[in-house]
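No value in this document is a laboratory result; all are computed from the given coordinates. Given the structure is predicted, the values throughout are model-derived calculations rather than measurements. Every residue, glycine as well, gets a Cβ built from its backbone with ideal geometry; the counts of neighbours run over all protein chains shown.
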Amino acid sequence: MECEICGKPVPENNPIRAKIEGSVMVVCKECSKLGTIQKAPPKPKFRQQPKGKKQSTTRTRNYSRNDEPTEELIEDFEVEIRKAREAKGWSREDLGKKINERVSVITRIETGKMTPDTKLTKKLEKTLNIKLLEEASNVDLNQFINNSSGERTLGNIMKIKRK
């Protein structure tokens, strides 16, 4: 078993699970410092169905590659939104009224503290007459494979932001 961030070996009998940036991953001791260590998940207890009752059938949805978003927000969206708003001579209040959003939402988007959802992004594009969504490109992960281990890990692909 390997660390999902750096690729170092992790003991299989006692792997360390850490929550890093909202994701629980199996990591080595060194990488566990980047997040908070999680307890082992509790083992599910077997519950017997009462006799005579029918098991409920829940439908599970299988997601395919076609369900992935085809468009993604441009990298410097906050700057583009502010420039377009200022070019039209509008205040944040004016823009908020035109797209039916609060001024605080416009402020948080322009400062980069909030990422607009697809619906809000399309409203901003239409009102400001700018392009905020671009076609999502498929990344070829083979170019990021670390030559030493040959495995794909997050550390091979991403830059780790140290606090």
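Excluding residues fewer than 8 places away in the same chain, name every one of the aspartates and glutamates whose C-alpha is closer than 16 Å to that of residue 29.
2, 4, 12
Provide the packing ranking of 85-94, 105-114, i.e. peptides ordered by the mean count of other C-beta atoms within 10 Å per residue, highest first.
105-114, 85-94
Which pairs break 18 Å Cα to Cα here: 8/33; 97/122; 83/123?
none
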